[in-house]
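Participant: Below you will find the structure I want to go over with you.
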Amino acid sequence: QVRLVESGGGLVQPGGSLRLSCVVSGSNFRLNAMGWFRQTPGKQRELVAGITTSGFTNYVDSVKGRFTISRVNAKDTVYLQMNSLKPEDTAVYYCNRMSGGLPWGQGTQVTVSS
């Protein structure tokens, strides 16, 4: 049974940092390109960062230069380092394959506010 568990969210002031983690169990993690998605109420979930099986990364323009995605295959874990956070980064963050398709986890809430 595939399970994704995200953690690391919280309340942070503008300009602050957070590091999100996502542990994936029950799937062949190292064979999957992985991504971090975010969703706000009334909006579709959007892919903000992705990492291929060989480590190539890509980002949506709004987070380039501020967010860094990484993975540790030995731990079945994908990370999202978020720096210089802005109020518009407030959302629930999820991980999944870049193409989706795995059962969604509960997500982790990130709130950027003074």
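The values are calculated or read from the model by the stated rules, or taken from the named source; none is laboratory data. Bear in mind that the values here come from a model prediction, so they are computed numbers and not experimental data. All Cβ positions, glycine included, derive from the backbone under ideal geometry; neighbour counts span all protein chains shown. Only protein heavy atoms, including side chains, enter the accessible area calculation; ligands, DNA and RNA are left aside. Shrake-Rupley method; radii C 1.70, N 1.55, O 1.52, S 1.80 Å.
Participant: At 7 Å along the Cα-to-beta-carbon direction for both residue 39 and residue 13, put a label point, then send me their distance in nm to one decimal.
Facilitator: Going by the 7 Å Cα→Cβ label model, 3.2 nm.
Participant: Can you figure out the FRET efficiency of residue 73 with residue 104, using R₀ = 22 Å and their beta-carbon distance, to the nearest 0.05? It would help to have the intermediate numbers written out before the result.
Facilitator: Numbers: r = 21 Å, r/R0 = 0.97.
For residue 73 and residue 104, the calculated efficiency is 0.55.
Participant: I'd like the Karplus ³J(HN,Hα) series for region 45-51: coefficients 6.51, -1.76, 1.60, θ = phi - 60°, whole numbers in Hz, and an x wherever there's a Gly or Pro.
Facilitator: 5, 10, 7, 10, 7, x, 9
Participant: A follow-up question, please. Compute, for the chain, the length of the dipole vector about the Cα centre, with Cβ point charges of +1 (Lys, Arg) and -1 (Asp, Glu) only. Units Debye, rounded to 20.
Facilitator: Details: 12 positive and 6 negative charges, 34 e Å.
The calculation lands at about 160 debye.
Participant: Enter the per residue convex hull volume of the chain, computed from alpha-carbon coordinates, in Å³ rounded to the nearest integer. Before the final figure, lay out the partial values.
Facilitator: Values: hull volume 10.3 nm³, N = 114.
That works out to 91 Å³ per residue.
Participant: Please list, in chain and number order, the residues 5+ apart from residue 95 or on another chain whose amide H is under 5 Å from its amide H, with Hs placed from the backbone.
Facilitator: Here 37, 105 satisfy the definition.
Participant: In addition: Once the piece of chain linking residue 5 and residue 61 is laid out straight, how much longer is it, given 0.36 nm per residue of separation minus the C-alpha distance between them? Can you show the working numbers first?
Facilitator: Numbers: separation 56, 0.36 × 56 = 20.16 nm, distance 2.60 nm.
Contour length minus Cα-Cα distance gives 17.6 nm.
Participant: Residue 34 accessible area, nearest 10 Å², 1.4 Å probe?
Facilitator: Accessible surface of residue 34 is approximately 0 Å².
Participant: Quick one: length gained pulling residue 114 to residue 46 fully straight, 0.36 nm per residue minus the C-alpha distance?
Facilitator: On the way: separation 68, 0.36 × 68 = 24.48 nm, distance 2.46 nm.
Once the chain is fully extended between residue 114 and residue 46, it gains 22.0 nm.
Participant: Also: Restricting attention to region 1-98, which chymotrypsin sites (Phe, Trp or Tyr not before Pro) occupy a DSSP loop and are surrounded by at most 14 other Cβ atoms within 10 Å?
Facilitator: Values: sites: 29, 36, 37, 56, 59, 67, 79, 93, 94; in loops: 56.
Here the chymotrypsin sites (Phe, Trp or Tyr not before Pro) that fit, given the DSSP loop and packing criteria, are 56.
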